[in-house]
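The structure appears below as structure tokens.
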Amino acid sequence: MDIKAFLDQDEKKDLLRLLTAGSVDDGKSTLIGRLLFDSKRLYEDQLAALERDSKRVGHAGEDIDYALLLDGLKAEREQGITIDVAYRYFSTNKRKFIIADTPGHEQYTRNMVTGASTANLAIILIDATKGVITQTRRHTFLVSLLGIKHVVLAVNKMDLVDFDQQVFDDICEDYKNFVTQLDIPDVNFIPLSALKGDNVVERSDRMSWYKGKSMLEFLESVHISSDRNFDDFRYPVQYVLRPDRDFRGFSSRIASGVVRKGEEIMVLPSKKKSTIKSITTYDGELDEAFPPQAVTITLDDEIDISRGDMIVYPDNLPRVERHFEAMLVWMDEKPMDPSTQFFIKHANNTTKTRIDKIKYKVDVNTLQKSEIDFFELNEIGRVVFTTNKPIYFDPYKKNKNTGAFVLIHPVTNNTVAVGMIIDKLSADDLPSKISDKHREQIKRGEGLISTDEYQKRYNQKGATIWVTGLHGSGKNEFAFSLEKQLFDMGATVVLLDGSSIRSGLSKELDYSPTDRAEHLRRVAEVSRLLNDQGIITICSFISPDAAIRQQVTEIIGEERFHLCFMDASLDYCKNNKPDLYKDEKVKYVPGVDLPFETPANAALTLDPALNGKNPETVIQYLREQKIFPLL
């Protein structure tokens, strides 16, 4: 066979991704090392290094320590355990393999989840001298959670129990009783000795009672192609390809299903339809394509499609929802803050999401469920999510590619969790449902969002900046400038001024002292409501009467009310706004036919000649008072 024919044949081999899991010192790394060694897939320099390292740092006595082929970290070699996920690639005449050697410790659950996320098959090792233990159940649960359909229970170290069939049968029976609780359709059992090589590559003469395949024979023959979802066409657009003005294609990897040239498709979220014009790859055009092929699709019509949109068949749509439940694995060193709005990356789509409810945490060792308020590192549980915009998904059990997602912290940009979508929420479970506790709060007139939650979200305290001064003193110019600067700094702020309030809320009131008092009372009530929701308000009103200003203070609350006095003389105001003061028919003008009582207790007194700097003076005051920013 020439080299080209060999490479062509090698290219056509299918790929099996598998992981090994088990308790500490069950022999995971040894098994993989033995597979590599006995299948003669090691180079001479690797063999020489293995023999040398076995004598120097090995844990197999006089035998070769095959685990050293996998345990590359210094800490792993010193302790004889696996800490991080180690990946190894090898191939035989029948199949290619990528093996993930995952750690057994509970503290490395997230590492195992990472290794298992792309696996087709899991080898779970059991020490024949110990039988089914807590770690065995934990790893099986994780394998089930991640939707791996094929499991091999490898009962290792049979040489230490004299290759006793009864020991093997008892372990298999114990494991079957446990695994029936979980959704794993294909479970197989192989007795072996990884250190001695029994039933690893060749069938062992020392276990003649075992009639099944060796480990390598099983791995070469296990059928996985039907595990892929060929029924539901899902094409999450990754890139819009425009090499020139005559070509516009949409590039991505097919997540599931089969796409054919000439078929009618629908684009989500727009729901516009078109027909597949061509399916293009590097090697040319295809009549049809299927997962996991990466292709570029062109359409007959010019439809607006962007990264994150999904192309599907009109008669086979995914869920299009904002509310859903998922199993979540927390992977961050820092505990979860449920009030954080995380980014959710799903397929090629990214949006913000909130955690509405943690239904329960699963103890990965006992499978018991318990109520918690937040997750810590390696914890797993069932969670209710609401996204800012709809996402297009299938339940994870039906379609891994469109049912999986990651959560990203909005500040650190760290991937903090991975999730597997269970399904959309039923109508009874939607997050708008109000609990009995919340109903009692509502009856008492209490909001469901605490002051602390508002402060954490907005990074500020609700407060009122009340600006008083004569007409023409420059208070409006100052108020609008202050609003803009605070907004640019990230504050959540609302400006209330005489023109906007009198055009609506106080439309029927005049400028008499009685109506002016009612006008300002209404402004104070609105400001209080906004402050209650964590918002900073800027109120720009003449408010000439000290008694009315005191009434406003009491309505808003003294701890929230901050009075700023724009100290402008009447002559300054007349020069600044001459039209009002020249019109002798205008009545109830403070400073002219109504008294203006200068505030004696203003938090800040401002000079209108310094209006370019006055906003920064108030912003510095807000910093010192720890109103904004809080942090």
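Of the residues PHE343, PHE393, which single one is under 30 Å from GLY534 (Cβ atoms) and surrounded by 14 or more Cβ atoms within 10 Å (Cβ to Cβ)?
Result of the check over PHE343, PHE393: PHE343.
Among the numbered criteria (1) surrounded by fewer than 13 Cβ atoms within 10 Å (Cβ to Cβ); (2) outside the structural domain of THR468 (by TED's automatic domain parsing); (3) not hydrophobic (A, V, I, L, M, F, W, C), which single criterion is violated by PRO629?
(1)
Look at segment 289-303 and say how many of its residues are under 12 Å from PHE250 (Cα atoms), not in a loop (DSSP other than H, G, I, E, B) and not polar (S, T, N, Q).
4
Which one is nearest to GLU321 (Cα to Cα) among residues in segment 424-444 that are of a type in the set (A, V, I, L, M) and at pLDDT below 65?
This residue is ALA427.
Right, VAL240: in contact with an Asp or Glu (Cβ under 9 Å, 6 or more places away or on another chain), part of a strand (DSSP E or B), modelled with pLDDT of 90 or more and not aromatic (Phe, Trp, Tyr) or not? Lay out the reasoning, then the answer.
Values: in contact with an Asp or Glu (Cβ under 9 Å, 6 or more places away or on another chain): no; part of a strand (DSSP E or B): yes; modelled with pLDDT of 90 or more: yes; not aromatic (Phe, Trp, Tyr): yes.
Taking the combined requirement at face value, the residue does not satisfy it.
In segment 484-505, which residues are at pLDDT 95 or above and hydroxyl-bearing (Ser, Thr, Tyr)?
THR492, the sole residue that qualifies.
Could you please let me know if LEU425 is among the aliphatic types (A, V, I, L, M) and within 30 Å of PHE393 (Cα to Cα)?
yes
Take PHE324 and decide whether it is surrounded by 19 or more Cβ atoms within 10 Å (Cβ to Cβ), in contact with a Ser or Thr (Cβ under 6 Å, 6 or more places away or on another chain), closer than 30 Å to ASN459 by Cβ and modelled with pLDDT of 90 or more.
no
Exactly one of (1) within 20 Å of ASP14 (Cβ to Cβ); (2) outside any strand (DSSP E or B); (3) at pLDDT 90 or above is unmet by LYS94. Its number?
Tallying (1) within 20 Å of ASP14 (Cβ to Cβ); (2) outside any strand (DSSP E or B); (3) at pLDDT 90 or above, LYS94 fails exactly one: (3).
Looking only at strands (runs of 3 or more DSSP E) that lie completely in segment 304-369, which have at least 3 residues being over 28 Å from LEU182 (Cβ atoms) and either in contact (Cβ under 8 Å) with a residue 60 or more places away in the chain or basic (Lys, Arg) (or both)?
Numbers: elements: 310-312, 319-330, 342-346, 349-362.
So the answer is 310-312, 349-362.
Taking the stated definitions as given, is SER274 closer than 30 Å to VAL152 by Cβ, within 33 Å of the chain's Cα centre (by Cα) and not in a loop (DSSP other than H, G, I, E, B)? It would help to see each step written out before you state the result.
Numbers: closer than 30 Å to VAL152 by Cβ: no; within 33 Å of the chain's Cα centre (by Cα): yes; not in a loop (DSSP other than H, G, I, E, B): yes.
No: the conditions fail for SER274.
Tell me which of these ASP332 doesn't satisfy, since it passes every other one: (1) buried (at least 20 other Cβ atoms within 10 Å of the Cβ); (2) not assigned by TED's automatic domain parsing to the domain that holds MET266; (3) not hydroxyl-bearing (Ser, Thr, Tyr).
(1)
Please determine, by comparing only the residues of segment 512-529 that are closer than 22 Å to LYS587 by Cα and free of Cβ contacts under 8 Å to residues at least 12 places away in the same chain, which one is surrounded by the most Cβ atoms within 10 Å (Cβ to Cβ).
ASP515
The values are calculated or read from the model by the stated rules, or taken from the named source; none is laboratory data. This structure is a prediction, so every number in the text was calculated from the model and none was measured. Don't worry about glycine lacking a Cβ; one is built from the backbone with ideal geometry, like all the others, and counts go over all protein chains shown.
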